[in-house]
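Heads up, the thing below is written out as structure tokens.
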Amino acid sequence: MTCDHYKQTLLELAARSAEADPQLRSHLQACSSCHSAFENERSLFISIDSCLRSSANAEIPSSLIPTVRAHFQRESPSAQGARITNPLLWLPAIAAAAIILFIFATPDRRVKPPTAERLATKQIESRVATATTVPSPSQDTTARITTAVGERFADKAIISPGKNPVRASGSDPEILVPPDQEILLARYADQFKRHHQSSATLQTEVASDQTAPLEVPLIQIAELDVKPLADTQLDGQQNDLREK
Amino acid sequence: MQELVLIQPGRTAETDLQRGATEAALRREFEERLAECGPLAFRVARGVLRNTADAEDVAQDAILRAYRRFNKLRDRGRFKAWLVRIAFRLALDRAKSSHRRQHRETLWSRPDRQPAPPSGEDLAAANQFRASLDRAVDELPEKQRLVLLLSAIEGHTLEEVAALLEIPMGTVKSRLFFARKQLAEKLR
């Protein structure tokens, strides 16, 4: 066997940390180069092992187990269950749910882009409008107060009882107001309703009186003093002559 | 048609009591094992990360994960191997993320501002050897690395490592041999 073959075997032997067999041992005693190579390899593995052991067997921190136990206390299922059944912890969730419900129950007040199409298609009737619906005396339609939100209608109210400038469909007249003027318009509509009811009652009374035939007394003329036109002209001429 | 369920407070309290007793027993059992396995989890993490603070974090995380799933572990005798694997996996993940962070920092830092090497030649040589060894260990395949680490921890014998990892003794020997051979080739 050559030294190269022995060296390879010796390296593997050192890696295994095993004992050399008698044949190899006799070669190591005879060959100094193989012996030194084997010793170098063994010292290398000893260094590796000592380094790995010192790194792996570090001192355990004293806080490791107490910290883990504290985590157990916090994470124990019974503590979690108690937390879940605690009504105080549910209060914020209930309050948040109530706020969300309130927001979604009220009319949509979000500011939308002021496109005419969107305003035409997505007008949302406010509750004020239903409360202040005014019946029209001439036709059986209702005047609706519709909230138009947007920059276009933010600073002014467009009241169009006869025609709708935004939505042409439908025969119902609409009153478009910004949201901050809804209450004022509702009051106005209420007053208008009351006024209109009183005028409607008066109109019905007048209408019932008009059904009876109209009786007008005849004009009576007692005497007529009729003078001929020519005499008046002569009298005028005589008067002129007298003055001259 | 709705079904009405009559809630019996007595039975609910009894169930809660039973559940509480089961939880207490489970926790007691876990804590008994924790005294033995907690340090091992830390050392596995320390062997991978080579940093005590990071290793403590990882070990705590591993123990908590094991605790949360302890009731699902059918064979409680395998707890130690299970915890070792969790700790090893978490430590590898942490090491990968810290390597990425270090790489970023290295790219941004200027080389002329690096600290000077230690003056003592022996110290420098020892540090250099350790750094080379750490790099070589990091480059090992995960299976070989775990075997090497466990064999170095607490003077575990090959039989103990085989029992811990639930693998045959021959597999442990072969993995350890190839790991050491690869380390020596890189450090020679």
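The values are calculated or read from the model by the stated rules, or taken from the named source; none is laboratory data. Being a predicted model, the structure only gives us computed values, none of them experimental. Reconstructed Cβ throughout: ideal geometry from the backbone, glycine too, with neighbour counts over all protein chains shown.
Is it the case that residue A:43 is more than 7 Å from chain B (Cβ to nearest Cβ), surrounded by 11 or more Cβ atoms within 10 Å (Cβ to Cβ), of a type in the set (S, T, N, Q) and at negative phi?
Yes, satisfied.
Please enumerate the residues belonging to region B:140-188 that are within 19 Å of residue B:36 (Cα to Cα) and either facing another protein chain (nearest Cβ under 9 Å) or among the charged types (D, E, K, R) (or both). Residues satisfying the conditions are B:149, B:150, B:151, B:152, B:153, B:154, B:155, B:159, B:160, B:166.
Are any residues in region B:124-143 polar (S, T, N, Q) and within 16 Å of residue B:182 (Cβ to Cβ), and if so, which ones?
B:132
Annotation for region A:19-37: at least one member residue is crowded, with 16+ Cβ neighbours inside 10 Å, within 11 Å of chain B (Cβ to nearest Cβ) and over 60 Å from the mean Cα position of the chain (by Cα). Within region B:56-84, the set of residues being in contact (Cβ under 8 Å) with a residue 60 or more places away in the chain and either surrounded by fewer than 22 Cβ atoms within 10 Å (Cβ to Cβ) or touching a strand residue (DSSP E or B) at 6+ places or on another chain (Cβ under 8 Å) (or both) comprises B:78, B:80, B:81.
Hey, does region B:85-101 have a residue that's within 14 Å of chain A (Cβ to nearest Cβ), in a helix (DSSP H, G or I) and modelled with pLDDT under 90? Taking every residue of region B:85-101 in turn, at least one turns out to be within 14 Å of chain A (Cβ to nearest Cβ), in a helix (DSSP H, G or I) and modelled with pLDDT under 90. Only one of the numbered conditions (1) more than 7 Å from every other protein chain (Cβ to nearest Cβ); (2) in a helix (DSSP H, G or I); (3) modelled with pLDDT of 70 or more is not met by residue A:79, and that is (3).
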